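Enquirer: Here it is, the structure, as structure tokens.
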Amino acid sequence: MLSDENKYFIGIDLGSSFIKMSLYDFKNENQLDSISFPDNEMEILSINEGWAEQDPEIWWENIKKCFFYFKKKHDLSYVKSIGISYQMHGLVAIDKYGKSLFNSIIWCDSRSVLIGEEASNKLDKNIISSSLLNSPGNFTASKLRWVKENKPDVYSSIYKFMLPGDFIVFKLTGNISTTPLGLSEGIMWDFNKRDVSMDILDFYQIEKDKVPDIVPSIGVQGKISKENCLNFGLVDNVTISYRAGDQPNNAFSLNVLNDGEIAATAGTSAVIYCVTKKDISDPQNRVNTFLHCNDDINNKRNGVLLCINGSGIAYSWLKKTLKINSYFEMDNLSEEVNSSEGLSFFPFGNGSERLFNHNKNLNAMINGLDFNIHNNSHIIRSVLEGIAFSLCYGIEYLRNMGLNIDSVKVGDSNLFKSKIFKEVFVNVSKTKLYVYNTDGSLGAARGAALGTGDYNNEEEAFSSLKLIEKLNPQESKSMDESYKNWKKLLNKLI
């Protein structure tokens, strides 16, 4: 048995762009190392309009690269357990031999929007509002129904379907399982019965035997296979002990675990995530309620999630288009001007946006371009403003639903590294912003230590979490006016 003197935990963050892995030293409560692969962002395949796919084997290949990197630099025989964070709402399916049958249909894929709308119209409204807490929308259950309708031969070959994180657990352990949290992300969880929703399975004619075994999100879920232990330099008894979608995990990483606490992130997509004890159902389906990772029968915890699909992916697109070397350089360019000089950017170019009625796909646009005035700095700043404005627009909706949003916690990563982005977000939303020294992979590593019982409770798990910056909203009439004009243009689009 490993002693506290030499005990490590690994956190894996399966994103849409990169796989990131952290190695966490339990005794010293610090990150020993971190790495991400590939060197350039993973491709999102879009062979038809509105489609978004990734090959799940590419995820696995990059995870292996992370392990091999750590193996060269560290003694991984000290690793006790692994935690996993993953991109939400995706669909992976395997046959009885464990082979994936098609590319993963990922979170921003829009092909099943009409299937979700039909389900919303035909399902009993009480099922949606009190059992599922969500319309089936464009989530995993609807994606699976799309496969059944459009590729029946492939569907008939499915042994089990999975969320992306479930697939990685399968590759690491050989065990096929999912979590209540994962099923809630796919709109296949009955919040009243605390079990798989037979209402949605029966409606979509999805056989229950295609549902994986259910394990807790926090707790030992299986052992790493002997082959993987040998390849990665691990001892035989290493376990998986934590699994959560990226947004619940982002909140977990920030110690956002209790009623009324709020987290945000601005990676590929941008999200506001509010923890609540209430079963909240939005009749317009603009925001969605899922289980939070620390929910249990004696400690009810849900997460109300608002998502803007086009966040970091818009900034990434701009970096490639303008042929700028780094995000750091882009951030510096954005600070060279005091305003975007009338430019308005709308980041809605990454599939249908749930924030708008009927899951609209507005596409992205930039408005007000003047060839005699604007340069790269104005364009970059307008993109940062537009993404921040989109989050603020969503916050207005959450407040109208009765949620109190006074302060938000974020990690020091992605767009929240940008000075301009943070200032615009804070000053327009009128919220306090707390920035911490953490990210998704480090949070998953802490989750693994909590799942094995090495941390006795959540308070212990986050005792070393450090606040590195606090921003209070400042009065900015010019920014308020820019946001007001941005909203006027947006209302014309929707």
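Enquirer: I'd like the full set of residues that are more than 18 Å from Ile420 (Cβ to Cβ) and open to solvent by less than 30 Å² (accessible area, probe 1.4 Å), limited to the range 466-494.
Expert: Leu490
Enquirer: For the subset of the range 309-343 comprising residues that are surrounded by fewer than 22 Cβ atoms within 10 Å (Cβ to Cβ) and of a type in the set (S, T, N, Q), which member is nearest to Ile106 (Cα to Cα)?
Expert: Ser316
Enquirer: Looking at the range 267-294 only, could you name the residues that are touching a strand residue (DSSP E or B) at 6+ places or on another chain (Cβ under 6 Å) and assigned to a loop (DSSP other than H, G, I, E, B)?
Expert: Of everything in the range 267-294, those that are touching a strand residue (DSSP E or B) at 6+ places or on another chain (Cβ under 6 Å) and assigned to a loop (DSSP other than H, G, I, E, B) turn out to be Ser269, Ile280, Val287, His292, Cys293.
Enquirer: Shifting gears a bit: Considering the range 344-374 alone, what residues qualify as being surrounded by 15 or more Cβ atoms within 10 Å (Cβ to Cβ) and assigned to a strand (DSSP E or B)?
Expert: Ser344, Phe345, Phe346, Glu353, Lys360, Ile366, Asn367
Enquirer: Condition first: in contact (Cβ under 8 Å) with a residue 60 or more places away in the chain, crowded, with 24+ Cβ neighbours inside 10 Å and over 28 Å from Val337 (Cα atoms). Can you find one or more residues in the range 411-423 that meet it?
Expert: No: the range 411-423 contains no residue that is in contact (Cβ under 8 Å) with a residue 60 or more places away in the chain, crowded, with 24+ Cβ neighbours inside 10 Å and over 28 Å from Val337 (Cα atoms).
Enquirer: Checking the condition assigned to a strand (DSSP E or B), surrounded by fewer than 23 Cβ atoms within 10 Å (Cβ to Cβ) and of a type outside the set (Val, Ile, Thr), which residue from Lys71, Lys80, Lys96, Lys64 passes? Write out each step before concluding.
Expert: Values: Lys71 fails: assigned to a strand (DSSP E or B); Lys96 fails: assigned to a strand (DSSP E or B); Lys64 fails: assigned to a strand (DSSP E or B).
The conditions single out Lys80.
Enquirer: Which pairs turn up if I take residues in the range 43-59 that are within 11 Å of Gln87 (Cβ to Cβ) and look for partners that are of a type in the set (Phe, Trp, Tyr) and part of a loop (DSSP other than H, G, I, E, B) with beta carbon separation below 9 Å, at least 6 apart in sequence or on another chain?
Expert: Ala52/Trp107
Enquirer: Is there any pair linking a residue in the range 111-128 that is among the small types (Gly, Ala, Ser) to one that is buried (at least 18 other Cβ atoms within 10 Å of the Cβ) and outside any loop (DSSP other than H, G, I, E, B), with Cβ under 6 Å and at least six apart or on different chains, and which?
Expert: Ser112/Ser142; Ser112/Lys143; Ser112/Trp146; Gly116/Ser142
The values are calculated or read from the model by the stated rules, or taken from the named source; none is laboratory data. Just so it is clear, the model here is predicted, and its values are computed rather than measured. Glycine gets a Cβ as well: all are built from the backbone with ideal geometry, and neighbour counts include every protein chain shown. The accessibility values were calculated without ligands, DNA or RNA, using every heavy atom of the protein model including side chains. Shrake-Rupley method; radii C 1.70, N 1.55, O 1.52, S 1.80 Å.
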